[in-house]
Amino acid sequence: MDNNIIRFTYNVDGTDFTSAGQASVMLKKNLRQLGISPDTIRRASIAMYEGEINMVIHADGGVAEIEVSEECITIMLKDSGPGIKDINQAMQEGFSTAPDDVRSLGFGAGMGLPNMKRYSDHMEIESELGVGTTITMKINI
Amino acid sequence: MTVSEFAIKHSLKTLCLPDDREITGGYVGDLLSWVMGRAQSGDAWITIMSNQNILAVATLADVSCIILGEGVTLDEELIKTANDKGINVLASEADTFKLSAMLACEL
Ligand SMILES: Nc1ncnc2c1ncn2[C@@H]1O[C@H](COP(=O)(O)OP(=O)(O)O)[C@@H](O)[C@H]1O
Ligand SMILES: [Mg+2]
């Protein structure tokens, strides 16, 4: 890779829960084409998937913007959903406001945000009630 | 041991096997975030979940195969998708405890 920053943008459809994850699977493919190591790809794409699922479950979809530089992968997830009331609480393992139909599919374990933190080297959440949420994650290469 | 060797030895049904590979460990779970947080690349993932989302999880977590227990199977449509995505899927009438025990013997 040269000094250029490579950018990808994916729209995350908030209406179709069953096919959620397409953007993350695409990201995985794109990162593989860039020759990034399997472990880094795995961390980036799982972190992105958890964020993507959250946008679908909790925020009616949004946009994922990815930047790949020589040093790191930056994943920015933006939505115009309800926002997160208490970020510290949301970050706790097991905390979830997911509805029952989502739980019956195996989601809503309250481990999404903790996984995103675990798999990224840096994570920042900006959220405003009634306005939306932006989550930025950096994964070192 | 590879996925196909495991299936044959323990008489599991092979729903699809597009990318036979080595099983290097195992993980059992139905809560998808737990699987993504804890399963390791190369693990055989034992679950009773059979919705479309397990295919994305298997791809991203890079498990060597999905093993469906308790007589659970995948819809034809999803088997086709799994095949296209290179995800190996086995199925069995055995419960997840017995499947875990079978797997543990081989690791
Ligand atoms: N993009 C988002 N918009 C609004 N709320 C969110 C968003 N992401 C997460 N949350 C809130 O944070 C909680 C915890 O998220 P997470 O750890 O992913 O668990 P889960 O998705 O299983 O509920 C969610 O239940 C929800 O209340
Ligand atoms: Mg979540």
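Summary table below
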item: Most fluctuating residue given options A:Val12, A:Val25, A:Val102, as computed from a GNM of chain A linking Cα atoms under 10 Å; result: A:Val102
item: Chain A: relative contact order in percent, alpha carbon pairs under 8 Å with at least 6 residues between; result: 27
item: Tensor-based shape of the range A:1-99 (alpha-carbon gyration tensor, a/c under 1.5 rounded, otherwise prolate or oblate); result: prolate
item: B:Val63 long-range amide H proximity, modeled H, under 5 Å; result: B:Gly42
item: Dipole magnitude (debye, nearest 20) for the protein assembly as shown, charges at Cβ of Lys, Arg, Asp, Glu; result: 360
item: Cβ-based net charge around A:Gly62, under 12 Å, with every Lys or Arg adding one and every Asp or Glu removing one; result: -4
item: Rounded if a/c under 1.5, otherwise prolate or oblate - chain B, Cα gyration tensor axes; result: rounded
item: Separation of alpha-carbon centers, the range B:63-82 and the range A:109-141, rounded to whole Å; result: 31
item: Summed residue charge, Cβ within 10 Å of A:Lys138's Cβ, Lys/Arg positive, Asp/Glu negative; result: -4
item: Solvent-accessible heavy-atom area per residue, rounded to whole Å², over chain A at 1.4 Å; result: 49
item: Charge dipole magnitude, Cβ of K and R +1, D and E -1 - chain A, Cα centre, debye nearest 20; result: 380
item: Percent accessible area from carbon and sulfur atoms, the protein assembly as shown, protein chains only, probe 1.4 Å; result: 48
item: Relative frequency of Cα-Cα separations exceeding 23 Å in the protein assembly as shown, percent; result: 49
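The values are calculated or read from the model by the stated rules, or taken from the named source; none is laboratory data. Values in this document were obtained by computation on a predicted structure and should not be read as measured data. As a convention, Cβ positions derive from the backbone with ideal geometry for all residues, glycine included, and neighbour counts pool all protein chains shown. Heavy atoms of the whole protein, side chains included, go into the accessibility calculation; ligands, DNA and RNA do not. Shrake-Rupley method; radii C 1.70, N 1.55, O 1.52, S 1.80 Å.
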